[in-house]
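The values are calculated or read from the model by the stated rules, or taken from the named source; none is laboratory data. All values derive from a computational prediction rather than experimental measurement. For neighbour counting, all protein chains shown are included, and Cβ atoms are generated from backbone atoms with ideal geometry for every residue, glycine included.
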Amino acid sequence: MSEVNQLVEIRAEEATQRGLPPVSIRLDARAGSMTPRKFPASDVYLKLNGPPGAPLLLIIFDCRGSERDDAALIQSKFVPAWTKELELGGADRAHVLGAEQPGVTFATGGGIARTAWFGFVIERGAARLLITIGVGGRDNVAVPATEVVSNPAIRRVLDTLQIEARPRSP
C-alpha cells in the first residue's frame, strides 16, 4: 500500500528500530491532501508535503541533546536543503496538539518559494521533538504563528495529529 494520502501511523517500536526515542505518531494526511514520508532522514520521524502550487509542510524532528532555546534549535537543526536563507522571526504561540504551544516564527526562501514557518518543541516521555509547520509566505512580511497553523489544509491535518510517549494499547 502506498503511503500517499493515507492514514499515517508511526509505532514506537518503529522509531526505536531507527535509533529514535519511542513515540507513536498518528495523523490523517488525506485531510490536507498531503504526501507523507516516514523517517526521511536519521533525525526525522515524519515529513508531510502538500500538493504542488505553494509550500505546505509539516516536519517532526528528533531533537534530543539540542539547545533548549527554540530559535537556536531551529538555526542548528532546520535549514532546508533547498535554501540557505533562514530568517528568524520572534517568539509566538499557536494552538496545536490540544494546547497553546510557545515557539518561534521563521521564514525560508523567497518569491513563490517563500515559506512562513512556526516551530515549537514538545516533550513526550524520553522524546524531545521539534515540530515545524510551513505554509506559503510573503517577502518582507512576518507571518504570525496563528496564521501559519490556520491554513485550511494544515489545520485539518493538525486536528488529527496525535503524539504519544507509548504505543497504543490494542
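Here is how the numbers come out for the structure above:
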| item | result |
| --- | --- |
| Some residue of segment 152-170 being closer than 16 Å to residue 44 by Cβ, at pLDDT below 80 and not aromatic (Phe, Trp, Tyr) | no |
| Candidate set from segment 148-170 (those that are small (Gly, Ala, Ser) and under 15 Å from the mean Cα position of the chain (by Cα)); member that is surrounded by the most Cβ atoms within 10 Å (Cβ to Cβ) | 153 |
| Residues of segment 71-105 that turn out to be within 13 Å of the chain's Cα centre (by Cα), at pLDDT below 95 and surrounded by 19 or more Cβ atoms within 10 Å (Cβ to Cβ), as a count | 4 |
| Condition check for residue 145: of a type in the set (A, V, I, L, M), surrounded by fewer than 18 Cβ atoms within 10 Å (Cβ to Cβ) and touching a strand residue (DSSP E or B) at 6+ places or on another chain (Cβ under 7 Å) | no |
| Residue 135 vs. criteria in a helix (DSSP H, G or I) and in contact with a helix residue (DSSP H, G or I) (Cβ under 7 Å, 6 or more places away or on another chain) | no |
| Hey, residue 153 farther than 30 Å from residue 17 by Cβ and assigned to a strand (DSSP E or B) or not | no |
| Subset of segment 116-132 [in a loop (DSSP other than H, G, I, E, B) and either modelled with pLDDT of 95 or more or of a type outside the set (A, V, I, L, M, F, W, C) (or both)] | 125 |
| Identity of the residue in segment 1-51, touching a strand residue (DSSP E or B) at 6+ places or on another chain (Cβ under 7 Å) and β-branched (Val, Ile, Thr), that ends up surrounded by the most Cβ atoms within 10 Å (Cβ to Cβ) | 23 |
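The rows are residues; the columns are (1) among the charged types (D, E, K, R); (2) modelled with pLDDT of 90 or more.
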site: 7; (1), (2): no, no
site: 10; (1), (2): no, yes
site: 26; (1), (2): yes, yes
site: 43; (1), (2): yes, yes
site: 46; (1), (2): no, yes
